[in-house]
1. Does region 22-34 hold any residues that are surrounded by 12 or more Cβ atoms within 10 Å (Cβ to Cβ) and within 21 Å of residue 3 (Cα to Cα), and which are they?
2. Only residues that are surrounded by 13 or more Cβ atoms within 10 Å (Cβ to Cβ) and either at positive phi or in contact with a strand residue (DSSP E or B) (Cβ under 9 Å, 6 or more places away or on another chain) (or both): list them for region 1-21, please.
3. Restricting to region 17-46, give me the number of residues that are touching a residue at least 12 places away in the same chain (Cβ under 8 Å) and touching a helix residue (DSSP H, G or I) at 6+ places or on another chain (Cβ under 9 Å).
Amino acid sequence: MVGVFLASEVFADAARMQGTALGFPAPFVLVPHPVQDRTDDELRTAADGAYAAVIAAVTASGGTPGS
């Protein structure tokens, strides 16, 4: 199964710890914080900025989560 999740930068440590605690250190991509109060245009810009990292994480064979 292939997957990657996005997390706000301030939650990087929590994302790593949760994956380890669950025994599933899934790859993730960090996005700028905060997320919830961004405009649609700001969210599109953040998504565009994260796109290459998401593709790299999904297509990588192994590697370190959050890289």
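1. From region 22-34, those surrounded by 12 or more Cβ atoms within 10 Å (Cβ to Cβ) are 25-33; that's our starting set.
25, 26, 27, 28, 29, 30, 31, 32, listed by residue number.
2. So the first thing to find is which residues in region 1-21 are surrounded by 13 or more Cβ atoms within 10 Å (Cβ to Cβ), and the list is 4-8, 11-12, 15-16, 18-19.
Selection gives 4, 5, 6, 7, 8, 11, 12, 15, 16, 19.
3. We begin by selecting, within region 17-46, every residue touching a residue at least 12 places away in the same chain (Cβ under 8 Å); these are 19, 25-35, 46.
Filter once more, keeping what is touching a helix residue (DSSP H, G or I) at 6+ places or on another chain (Cβ under 9 Å): 25-35.
Result for region 17-46: 11.
Any read-out appearing in this document is the output of simple, stated calculations on the displayed coordinates, not a laboratory observation. Since the model is a prediction, treat every value here as computed from it, not as a measurement. Counting neighbours? That spans all protein chains shown, and the Cβs are built from the backbone with ideal geometry, glycine included.
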